[in-house]
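As structure tokens, the structure follows; a few thoughts come after it.
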Amino acid sequence: MNEAAIAALYRARSEDAIRETEENYGEACRRLALRLLQNEEDAEEVLNDAYLALWNSFEREEPKHLKAYLFKTVRYLACDKLKKRAAGKRAAPPIPLEELAEILPAPDTAEQQVDAQELAGALDRFLKGESERNRYVFLRRYFHCDSVGEIAAALGTSEPAVSVMLNRVKKKMKEYLRKEGFSV
């Protein structure tokens, strides 16, 4: 079933909407939550909460892109759970995000936290200027937390080729952020 048909089920408040969402996107969402949380029970809880959030979103304002909304919600809920789990501890971010630590400034002060929104906008503009393939690789690695091997298999290329692509994009991103006035 396509995204438009699933959205129609949500608009009709049909319980089949959640079943179809699970059937179409459940495995990818579960994989994302598991990568971030490293715990099956927590991942299932996040997935159920994401489905509920998607259901409730149709009462307010229908998401433009159901799949993107769902993945963003899963990632947000998983990260929130990680923050709660790590409260009071110095927990490391998920591994792929460590790769960006040298590029992205850490929001240590209140001023830097406000700048985080500006940084998000700059990253969005940067990625829109990249090729579709570079965006795909970048998002698979740093948003979906896929391994380099998984990305290479999806593209039908080698792991070193994907690593080179990621390094080039990170280098370009670092330069772009400097030009935008961010200290990286």
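The values are calculated or read from the model by the stated rules, or taken from the named source; none is laboratory data. The shown structure was predicted, so the numbers you read here are calculated from the model rather than taken from an experiment. Using ideal geometry, Cβ is built from the backbone for each residue, glycine included, and neighbour counts are taken over all protein chains shown.
The table below gives the values:
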item	result
Residue 30 being of a type outside the set (Gly, Ala, Ser), at pLDDT 90 or above and assigned to a loop (DSSP other than H, G, I, E, B)	no
Qualifying residue in region 89-111 (condition: surrounded by 13 or more Cβ atoms within 10 Å (Cβ to Cβ), assigned to a helix (DSSP H, G or I), modelled with pLDDT under 85 and not acidic (Asp, Glu))	yes
Residues located in region 156-174, provided they are touching a residue at least 40 places away in the same chain (Cβ under 8 Å) and among the basic types (Lys, Arg)	170, 172, 174
In region 1-13, the residues that are assigned to a loop (DSSP other than H, G, I, E, B) and either among the hydrophobic types (A, V, I, L, M, F, W, C) or at pLDDT 95 or above (or both)	1, 12
Filtered residues of region 52-70 (kept if part of a helix (DSSP H, G or I) and closer than 18 Å to residue 144 by Cβ)	54, 66, 67, 68, 69, 70
Selection status of residue 36, assigned to a helix (DSSP H, G or I) and either within 18 Å of the chain's Cα centre (by Cα) or within 27 Å of residue 151 (Cβ to Cβ) (or both)	yes
Residue selected from region 21-46 under the condition among the hydrophobic types (A, V, I, L, M, F, W, C) and touching a residue at least 60 places away in the same chain (Cβ under 8 Å), by the criterion surrounded by the fewest Cβ atoms within 10 Å (Cβ to Cβ)	28
Residue 177 being free of Cβ contacts under 8 Å to residues at least 60 places away in the same chain, of a type outside the set (Asp, Glu) and either surrounded by 14 or more Cβ atoms within 10 Å (Cβ to Cβ) or in a loop (DSSP other than H, G, I, E, B) (or both)	no
Test: residue in region 19-33 that is over 23 Å from residue 139 (Cα atoms) and not hydroxyl-bearing (Ser, Thr, Tyr)	yes
